[in-house]
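Quick note: the coordinates plus some simple rules give every number you see, no bench work behind them. Source: prediction; values computed, not measured. Neighbour counts are summed over all protein chains in view; Cβ atoms, including those assigned to glycine, are modelled from backbone coordinates with ideal geometry.
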Amino acid sequence: MAGDQTNGAGAGAGSVNPVQSKARARRGMILAFWWGIVLLGLFAVSSGGPVVLIVPVILIGIIVASNTIIVIRGTGPEQQALAPGRLARADTDDDPVAVTASRAPRRNGSEKSRRAGVLHYERRRLRFTYYENLQSRSTASGSINPAEEVTVFDTSPREIELGPRPTALRPALNLTIDGSLHVVEFSPPMDLGAGVVGAIVAAAWFDQLVELGARVR
């Protein structure tokens, strides 16, 4: 997102973030698996296999390459994984957290209803904001216009009702606030690790919000 608004979710200088380490390890395993699939496909085609394999191998290769670039650039959700106790430290040390995420008003919502923005935690408040002028592909890399900032919710953890704890099959963080459902995901589109890596990142938020008073449905 242009004009990066994110702020340290990690463990701090000199400390190891076990959640981030776990997410990175899973990312490496997923990439190794999919690169293996691509190489096997290329070998099959070059060995006289069905020509119809060429297109799917190329498409999978493009997706795997784009996921590899995410790792190289350090822009995957694992880079923003919450260290244990990070939200509590945001309160005691006045050290806010802000990570990139997307929010939809329902599970399995269309891309049109999804908004890419930032999930913030500071001063005992959880907030999600986005910039309307950065939502289309053509403007996603544009400049932030403060007048276009939209706050979707701004609430205390004690006023949040959480859905099921995120898993690989359902990696989203489901928040019900004032009767409205907010489905928050941390993985970008076409992320091969959306299930496993995304679930690890979302589960850390789930656990720490519970510690801060959020209710579990």
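In a simple Cβ point-charge model (Lys, Arg +1; Asp, Glu -1; nothing else charged), the stretch 78-216 has a dipole of about 440 debye relative to its Cα centre. Computed on the chain, with alpha-carbon pairs under 8 angstrom and 6+ residues apart, the relative contact order is 24 percent.
Taking the number of Cβ atoms within 10 Å of each Cβ as an exposure proxy, the fewest-first ranking of L31, L53 is L53, L31.
Inter-part distance, the stretch 11-58 to the stretch 72-133, computed on C-alpha centroids, equals 26 Å. When the chain is modelled as a GNM with alpha-carbon springs shorter than 10 Å, which of V97, V197, V16 fluctuates the most? Comparing V97, V197, V16 in a Gaussian network model of the chain, the most mobile one is V16.
The string of couplings for the stretch 204-210 from the Karplus curve (6.51, -1.76, 1.60, θ = phi - 60°) is 5, 5, 4, 4, 6, 5, 4 Hz, one whole number per residue in order, with x for Gly and Pro.
So what is the calculated 222 nm ellipticity per residue for the chain, using -39500 (n - 2.57) for each DSSP H run with n of 4 or more, over all residues, to the nearest 500 deg cm²/dmol?
-11000 deg cm²/dmol
Sequentially through the stretch 150-157, phi angles give Karplus couplings (6.51, -1.76, 1.60; θ = phi - 60°) of 10, 9, 7, 8, 8, 8, 7, x Hz, Gly and Pro residues having no value and appearing as x. Local charge for R27 was computed over the other residues whose Cβ lies under 15 Å away, with Lys and Arg +1 and Asp and Glu -1, and equals +2. Scalar couplings 3J(HN,Hα) for the stretch 21-36, obtained by applying the Karplus form with A = 6.51, B = -1.76, C = 1.60 to θ = phi - 60°, are 4, 5, 5, 5, 5, 5, 4, x, 5, 5, 5, 4, 4, 6, 5, x Hz; x denotes Gly and Pro.
For Rg and Dmax of the Cα atoms in Å, which listed value, (i) 20.1, 70; (ii) 18.8, 64; (iii) 36.8, 113, comes from the coordinates shown? Read-out from the structure maps to (ii).
Stretched out straight at 0.36 nm per residue, the stretch from F43 to E111 would grow longer than its current Cα-Cα span by 20.9 nm.
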